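Here is the structure we will look at, set down as structure tokens.
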Amino acid sequence: MLAYLIRRLFAAAVMLVVIILVVFGIFFLVPRWAGVDPATMFVGKQADPAAIEAVRQKLGLADPIFAQVWEFFKGIFVGRTYSSGGDVTDCAAPCFGYSFKSEQAIWPVLTDRFPVTLALALGAAFLWLLFGVAAGVLSALKRGSLWDRGAMIVALGGVSLPIYFTGMLSLAIFSYGLGWIDGRYVPLAESFTGWLGGMILPWVTLAFLYAAMYARITRATMLEVLGEDYIRTARAKGLTEPVVIGKHAMRSTMTPILTMLGMDLGALIGGAILTETTFSLPGLGGAVLQAIRDKDLPVILGVTLITSLAVIIANLLVDLLYAVIDPRVRLS
């Protein structure tokens, strides 16, 4: 187990380094090769050439490519110093640079928004796992019944309807129409009940989409598992149906569910753009959407790296949980 964990951590570290290098190249080197100067994007097209050159020197854009990559990579782990003339600016680690729009350090901006996205992702994941897996299991156990057909119809609707439609519909019904839920985001530090009221509709809207997909995959996997020899053996031994389903069938069924969860949760932590935009949540999704509009490369780069790191961590945890969920899996 320990050796497996060390190997996986080493592989994750290597993957993260590769992602950092690739992302930096995409956002800073490729535009320059295409004739787009990041320094011009920083100060604006109408800026004085001297101001553009000062920014180019400050950001190190005039240095050789390998020096730029090294400075960026080093800044993430130990920080970085920007100097222009007699002015010196220290960017503490992890340093993703400064916003082209606000000229603020990227990391504090992202950390202010990250808890909102994390709460959105974790809350929605809890709901879609609870209801999606339960609906899929019941549909598999009651195959061909009215419940099975009704649940799959609802699941098909959940997969087909886009988030911005279900989000606006839920706001129109429960917030603007019935007035049951305020629908406005309130920081957790100000009011727990206000924060909860502002997160319920985003959680439900996001969970509805994913619960539909999880219900379908759970039903298909459970039907396949119920036909396995070890399930028939368990029943032949006289084990009760709850034990057969809960102890034996569910463990095998949860393996693909965990795989999906690792990918989905990691992507959501990186930024649920549609959901956060629909409900005006101040999360990473809204930050990256505004950065795309402003062509603010450092912000987009920072969110991309956080997304990649979230996916890597989520998949590492999923790999470790495989052996806990399914006894047929051994970590070695």
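The values are calculated or read from the model by the stated rules, or taken from the named source; none is laboratory data. Small disclaimer: the values here were computed from a predicted structure and weren't measured. Glycine also receives a Cβ, built like all others from the backbone with ideal geometry; neighbour counts cover every protein chain displayed. Just the protein is used for accessible areas: all its heavy atoms, side chains included, with ligands, DNA and RNA removed. Shrake-Rupley method; radii C 1.70, N 1.55, O 1.52, S 1.80 Å.
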Taking ASN315 and the conditions (1) within 21 Å of PRO108 (Cβ to Cβ); (2) touching a residue at least 12 places away in the same chain (Cβ under 8 Å); (3) open to solvent by 30 Å² or more (accessible area, probe 1.4 Å); (4) not small (Gly, Ala, Ser), which numbered condition does it fall short on, given that it satisfies the others?
-> (1)
Scan the stretch 243-251 and give yes if some residue there is touching a His at 6+ places or on another chain (Cβ under 6 Å), part of a helix (DSSP H, G or I) and either assigned by the TED database to the domain that holds LEU130 or on the phi > 0 side of the Ramachandran plot (or both), otherwise no.
-> no
In the stretch 253-268, is there at least one residue being at pLDDT below 80, over 28 Å from ALA13 (Cβ atoms) and open to solvent by 20 Å² or more (accessible area, probe 1.4 Å)?
-> no
Can you find a residue in the stretch 156-167 that is open to solvent by 50 Å² or more (accessible area, probe 1.4 Å), among the hydroxyl-bearing types (Ser, Thr, Tyr), in a loop (DSSP other than H, G, I, E, B) and within 30 Å of PRO115 (Cα to Cα)?
-> no
Could you please give the count of residues in the stretch 233-242 that are under 19 Å from LEU138 (Cα atoms) and either part of a helix (DSSP H, G or I) or of a type in the set (A, V, I, L, M) (or both)?
-> 3
